[in-house]
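The values are calculated or read from the model by the stated rules, or taken from the named source; none is laboratory data. As the structure is a computational prediction, the values presented were derived from the model and not from experiment. Cβ coordinates were reconstructed from backbone atoms using ideal geometry, including for glycine residues, and neighbour counts include every protein chain displayed. Surface accessibility is based on the protein's heavy atoms, side chains included, excluding ligands, DNA and RNA. Shrake-Rupley method; radii C 1.70, N 1.55, O 1.52, S 1.80 Å.
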Amino acid sequence: MFILLSVFMTLPVALLFFTPEGAPNATAFAESAALVFLLGVIGVLCTRHRSRDLKPRYMFVLTVSSWFIISALSAVPFYFSDNGLSLADAFFEGTSGITTTGATVITGLDDFDKDLLLWRSILQWLGGIGIIGMFVAVLPFLRVGGMRLFATESSEWTDKALPRMKTLSRGLLIVYVVFTTVAVLTYWASGMSLFDAFNHGLTSIATGGFSTSDFSMGKFNDLILAEATFFMILGSLPFFLFVREMHGQHFALFRDQQVRLFLTILLTIPALLTLYRWWVAEDYFDPLHNYISVLFNVTSVISTSGYASEDYSAWGPLAFVLFFFLMFVGGCSGSTAGGMKIFRFQLSLMVLREQLLRLLHPRAVFTRNYNGRSVSDEIISSMIAYTFMFLLCLLLITVLLASLQLDFITSLSGALTSLTNVGPGLGDIIGPAGTFAPLPEAAKWILAVGMLMGRLEILSVVIVLSPGFWRG
């Protein structure tokens, strides 16, 4: 992974080599790539004779440590550049990129070095495919947060399952690359410059949200906002279902329960919010423009992309509250989106319904099914444990941020947006119109760790940090 990361570090310089601006941080990227490549070679040489028996204990350590270390290595070009980014800023930006969070500490993006802008987008694209691979092959195997519900034969790390895993991985990569290519070409054909189209194509499919302008997507027209909405939706849907469609299992995508609920939310919430904006409007109201704007921003938040076309926190109290709660939701499992995921809300409603019916019929026997699969007590217990740890971490990070003299809205929304990997928070400082740059250095470290915990489904990190894990 280190060697592969070092190869991608050369891309910003290579892609900008023949442009008039060139790559102003070419030396920083060369030094970073050499350092990361050397670490990778050392790792390979030191472990080439070691056993590769992938037991759950080793997989926990590998998954957690690799994401933390790669986040640190991703920050090296930012730190080595001549832009005066501190170590906390560089780590925050690198972590936000690889976890596809989209929060940024960089201001003046319109005039910022293009090679670093490109590196941010590449990081999000890499993080997106890494998240999909982690969902398909690792999290179901580790039984984290109810993910066992989506286990396939390719989630078992056995010799028999490896050929199936390779086939699925190849299909996922093809779908991911095709979607990205279509997004880049669509943006370019719609009026974006090639540089903007390439960056936004990478970050739209990755539901990352890094942009090349301080105005985010607000500098583009309604057509491009509608296109971005479509690509963010694609990135929020389960990619393994696209692979099934590719192999002839037609309509598998729309038979999925989480996909149907996700699309239902996107059909209802933006329509209601547009009506609300029309109701409170005091001057001329353009229904089409406002609907596209609302749909784009709602999709951006629920898909945890983090783009913004305007400051939606200024749309009124109802909009403010709705966007806060939409930050919890997230996309579908098996997508590049973060958040708590749609399926956990569906399982919670299933358990609630069962408990209510049990009060009426104490002796009745209930069966739980989700997408045609039986839902065991183990999956429910794991989901409940995840939800509890999520709320506990949300409380802890909020308290830590408040202890740094940050106001309540900044502390709470900052904690939430880091754990759900949304990007912008709410309020005047870290809202859609702001950045994380004014925050204290300690807050940036805390939020960066929160991003990693959210991306790793929290329980993976908690397990590795528990003393019992190392005594076993």
_Percent accessible area from carbon and sulfur atoms, the range 206-292, protein chains only, probe 1.4 Å_ = 67
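How do F78, F230, F328 rank by accessible surface area computed with a 1.4 Å probe, from largest to smallest?
On the way: F78 0, F230 115, F328 35 Å².
These residues rank, largest area first, as F230, F328, F78.
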_Share of carbon and sulfur in the accessible heavy-atom surface of the range 363-416 [1.4 Å probe, %]_ = 67
*Estimated dipole of the chain in Debye, rounded to 20 [Cβ of Lys and Arg +1, of Asp and Glu -1, Cα centre]*: 2540
*Would you tell me the accessible area of V178, worked out with a 1.4 angstrom probe on the heavy atoms of the protein chains, in Å² to the nearest 10?*
80
*asked:* Give the aspartates and glutamates whose C-alpha is closer than 19 Å to that of K114, dropping any in the same chain fewer than 8 places away, or say none.
replied: E21, E31, D82, D89, E93, D196, D214
_the chain - accessible surface per residue (Å², probe 1.4 Å)_ = 44
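Heavy atoms only, probe 1.4 angstrom, no DNA, RNA or ligands counted: give me H361, H49 ranked by accessible area, highest first.
Values: H361 105, H49 160 Å².
Order by accessible area, largest first: H49, H361.
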_Structure-derived Rg and Dmax of the Cα atoms in Å: which label, when the choices are [x] 23.9, 75; [y] 21.9, 76; [z] 64.1, 165_ = [y]
*How much length is gained on full extension from Y284 to Y58, taking 0.36 nm per residue of separation minus their Cα-Cα distance?*
75.3 nm
*Rounded to the nearest 10 Å², what accessible area does R277 show when all protein chains are kept and the probe is 1.4 Å?*
40
*asked:* Please report the carbon-and-sulfur percent of the accessible area for the range 104-143; probe 1.4 Å, protein heavy atoms only, DNA, RNA and ligands left out.
replied: 52
